[in-house]
Amino acid sequence: MSETIIRIEHLCKTFGTGDGKVEALKDIDLDIQKGEIFGIIGLSGAGKSTLVRCINLLERPTSGTVTVNGQELTALKEKELRKARMGMSMIFQGFNLLMQRTALQNICFPLELNGVRGEKSWREKRARELLEMVGLPDKADAYPVQLSGGQKQRIAIARALAQYPQPQVLLCDEATSALDPTTTQSILDLLKKINREMGVTVVVITHEMRVVEQICDRVAVLEGGVIQEQGDVSDIFSNPRTEAGRRLVMPNGEKIHVLPANRLVRLAFNGATSGEPIISTLAAREGICLNIISADTRTIGDKSFGTMVLGLPQDETEAARALIYLREIPGVTAEEVTDLVQ
Amino acid sequence: MFSEKNVELLTGIIHEELLKAIGETLLMTFLPTLLAFAIGLPLGVLLVTGDKRGIRPLPSPVMQVLNVIINLLRSVPFLILLVVVLPLSRLVVGTSVGTKAIIVPLTIAAFPFVARLVETSIREVDQGVVEAAQAMGASPMQIVYKVLIPEAKPALISNFCVSLITIFGYGAMAGILGGGGLGAIAINYGYYRRRELVMWVMVILLIVLVQIFQSTGNYITKRSDKRIR
């Protein structure tokens, strides 16, 4: 259905040698499709920043290949690589704007590098269009110090898209991690808009599940330098298959400290069934009462998803009946969880 | 100190020598500073970019040699350097006495100092910005001209001012070995002939000049720094 734009094969990255050797990435395989928003999520130290920096070779992989747009970057010479980098761009947690340049001059920067298309007026016209697109047409002459975090990131996004021809890939390295929730939301909306309207493939590196839920189509969970699992966001969210995935999906990622029941079951359900009063039905029909430990609803893409953690009754047979009942409900995944219990 | 004879001597000097001396002092300050920057700026940039974590690493023996040369030149006391280098001035500017001759040792004494100052300022440029430029496909040269130097500009202006004042001080010292300028008047009349009044007036003039350099430097630095709202 779609074509691969970024292909990573058997990528390893090792820092240092001998005793101080750190394997940051171990045998990573990843395919990112053209036009999608792909998330790479992991806790700090998981290797996600190293991974994204390996995509544009800011960090040279120890072994393995990176292919972008059919061009194997790992095989390129320095000069060809610089040219290839003009076809993708990157935004950062710290914005990394040139502090001595105005917003407009910052956006012009990548166009100055190209050399071929020199006209200053042409560059400025393009920069103004981009300023318009990111919603800051009146900030052309402002210096970065005069802008808020969210505004700086908007300028950084405009700068990232300024290169001509327009970059096809936008790498976002923790782009919203320094921003407050409202600003994060607006930046995510902007990224989504860029993805939809300009057809830019977006790769999002984050430690926040919220970011992935909001904008990503697919996600890879990275832990200890290894991709633990990857797939559609809704699948990973409703049914995380690995420990690492569960840790990220669980409300707050924390363990429940007070243990109100012997056994816990986690339900994940999508919008289709969340209107049904399953707990009440269970109580009314079977006479089994479940204890609600936590519940959470989220919107992923256009669908609504919920998770709920229930405490099963002490009685073994009642617990078993409750589990059978829950598992029979269509669209609901019920699984016993043990990793929540301390 | 304020005897009639002394005051008379001072007025004579002010009438006949002062203007020329100020001119010499300014020449002995600005020209070596500019020359020292012409050598020290590229060298300082090279010390950062050629580093093993820099944007264009150079073989580490090359970097070590550069560092040793700079440290060596910096550790020689200026007066000794002056004595050693003055004969060289004859080759470069044709004379080994006077204001013109002093410019050579002043430049040699100052450029390693400037290189270190530049190095520090360039290192202070946010590594993230350099990385962003690399991610956009900038070449090492483009990074130097479009990122490192413009981003470090306020610090570089401030460095220029610091160098100017240091060289100004060296220049006054050079009066001992036949240099010109206000320092030479202070040393020749004040120290050798014990006319303290002349010496103190010259010292006050030197202080005023330093103040002017510093305030002007501060003003330009502040004006050029867009990080200040």
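The values are calculated or read from the model by the stated rules, or taken from the named source; none is laboratory data. Every value quoted in this text rests on a predicted model; they were computed, and no experiment measured them. Backbone-built Cβ (ideal geometry, glycine too); neighbour counts: all protein chains shown.
Key figures
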{"quantity": "Residue check for B:Ala115: touching a residue at least 60 places away in the same chain (Cβ under 8 Å), over 30 Å from B:Thr49 (Cβ atoms) and of a type in the set (A, V, I, L, M)", "calculated": "no"}
{"quantity": "Residue within segment A:78-92 that is more than 8 Å from chain B (Cβ to nearest Cβ) and aromatic (Phe, Trp, Tyr) present", "calculated": "no"}
{"quantity": "Unique residue being within 15 Å of the chain's Cα centre (by Cα) and more than 21 Å from A:Leu191 (Cβ to Cβ) when the list is A:Ala24, A:Ala46", "calculated": "A:Ala46"}
{"quantity": "Residue match in segment A:84-92 (condition: in the same structural domain as A:Ile187 (by TED's automatic domain parsing), over 25 Å from the mean Cα position of the chain (by Cα), assigned to a loop (DSSP other than H, G, I, E, B) and surrounded by fewer than 22 Cβ atoms within 10 Å (Cβ to Cβ))", "calculated": "no"}
{"quantity": "Filter result (touching a helix residue (DSSP H, G or I) at 6+ places or on another chain (Cβ under 8 Å) and among the hydroxyl-bearing types (Ser, Thr, Tyr)) within segment B:1-50", "calculated": "B:Thr25, B:Thr29, B:Thr33, B:Thr49"}
{"quantity": "Helices (runs of 4 or more DSSP H) wholly inside segment B:112-229 that include at least 3 residues being away from every other protein chain (no Cβ under 14 Å) and modelled with pLDDT of 95 or more", "calculated": "B:149-173, B:196-224"}
{"quantity": "Matching residues in segment A:210-233 - criterion: being surrounded by fewer than 23 Cβ atoms within 10 Å (Cβ to Cβ), out of contact with any Lys or Arg (no Cβ under 8 Å at 6 or more places or on another chain) and part of a helix (DSSP H, G or I)", "calculated": "A:Arg210"}
{"quantity": "Condition check for B:Leu46: free of Cβ contacts under 8 Å to residues at least 40 places away in the same chain and crowded, with 19+ Cβ neighbours inside 10 Å", "calculated": "yes"}
{"quantity": "Criterion: more than 15 Å from the chain's Cα centre (by Cα), without any contact (Cβ under 8 Å) to a residue 12 or more places away in the chain, surrounded by fewer than 18 Cβ atoms within 10 Å (Cβ to Cβ) and farther than 27 Å from B:Ala186 by Cα - qualifying residue of B:Leu58, B:Leu91, B:Leu66", "calculated": "B:Leu91"}
{"quantity": "Selected residue (criterion: farthest from B:Ala133 (Cα to Cα)) from residues of segment A:98-133 that are part of a loop (DSSP other than H, G, I, E, B) and more than 10 Å from chain B (Cβ to nearest Cβ)", "calculated": "A:Glu119"}
{"quantity": "Filtered residue count, segment A:69-92, keeping only those that are touching a strand residue (DSSP E or B) at 6+ places or on another chain (Cβ under 8 Å) and either over 23 Å from A:Ile227 (Cβ atoms) or without any contact (Cβ under 8 Å) to a residue 12 or more places away in the chain (or both)", "calculated": "5"}
{"quantity": "Number of the exception - A:Val66 against (1) more than 7 Å from chain B (Cβ to nearest Cβ); (2) of a type in the set (A, V, I, L, M, F, W, C); (3) crowded, with 17+ Cβ neighbours inside 10 Å; (4) out of contact with any strand residue (DSSP E or B) (no Cβ under 6 Å at 6 or more places or on another chain)", "calculated": "(4)"}
{"quantity": "A:Ala160 surrounded by 16 or more Cβ atoms within 10 Å (Cβ to Cβ), of a type in the set (A, V, I, L, M, F, W, C) and assigned to a loop (DSSP other than H, G, I, E, B)", "calculated": "no"}
{"quantity": "Filtered residues of segment A:193-209 (kept if assigned to a strand (DSSP E or B) and under 14 Å from A:Leu51 (Cα atoms))", "calculated": "A:Val203, A:Val204, A:Ile205, A:Thr206"}
{"quantity": "Condition check for A:Glu59: more than 24 Å from A:Thr176 (Cα to Cα) and within 13 Å of chain B (Cβ to nearest Cβ)", "calculated": "no"}
{"quantity": "Test result for A:Phe95, assigned to a helix (DSSP H, G or I), touching a residue at least 40 places away in the same chain (Cβ under 8 Å) and either more than 9 Å from every other protein chain (Cβ to nearest Cβ) or closer than 19 Å to B:Lys146 by Cα (or both)", "calculated": "no"}
{"quantity": "Qualifying position, being in a loop (DSSP other than H, G, I, E, B), modelled with pLDDT under 95 and within 14 Å of chain B (Cβ to nearest Cβ), among A:Ala178, A:Ala142", "calculated": "A:Ala178"}
{"quantity": "Breaking point among (1) within 13 Å of another protein chain (Cβ to nearest Cβ); (2) more than 24 Å from A:Val233 (Cβ to Cβ), for A:Ser49", "calculated": "(2)"}
{"quantity": "Qualifying residue in segment A:2-21 (condition: hydroxyl-bearing (Ser, Thr, Tyr), under 20 Å from A:Arg218 (Cα atoms) and surrounded by fewer than 21 Cβ atoms within 10 Å (Cβ to Cβ))", "calculated": "yes"}
{"quantity": "Given (1) within 14 Å of chain A (Cβ to nearest Cβ); (2) in contact (Cβ under 8 Å) with a residue 40 or more places away in the chain; (3) crowded, with 23+ Cβ neighbours inside 10 Å; (4) not acidic (Asp, Glu), index of the condition B:Ile102 fails", "calculated": "(1)"}
{"quantity": "Among (1) basic (Lys, Arg); (2) loosely packed, with under 14 Cβ neighbours inside 10 Å; (3) modelled with pLDDT under 80 - the single one A:Arg247 does not satisfy", "calculated": "(2)"}
{"quantity": "Residue match in segment B:192-208 (condition: buried (at least 17 other Cβ atoms within 10 Å of the Cβ) and aromatic (Phe, Trp, Tyr))", "calculated": "no"}
{"quantity": "Test: A:Met133 is of a type in the set (A, V, I, L, M), surrounded by 16 or more Cβ atoms within 10 Å (Cβ to Cβ) and within 27 Å of A:Glu23 (Cα to Cα)", "calculated": "no"}
{"quantity": "Hits in segment B:27-50 (condition: among the polar types (S, T, N, Q) and either more than 14 Å from B:Cys161 (Cα to Cα) or not in a helix (DSSP H, G or I) (or both))", "calculated": "B:Thr49"}
{"quantity": "Qualifying residue in segment A:168-181 (condition: over 27 Å from A:Leu248 (Cα atoms) and buried (at least 18 other Cβ atoms within 10 Å of the Cβ))", "calculated": "yes"}
{"quantity": "Filtered residue count, segment A:69-83, keeping only those that are under 21 Å from A:Thr14 (Cα atoms) and buried (at least 17 other Cβ atoms within 10 Å of the Cβ)", "calculated": "2"}
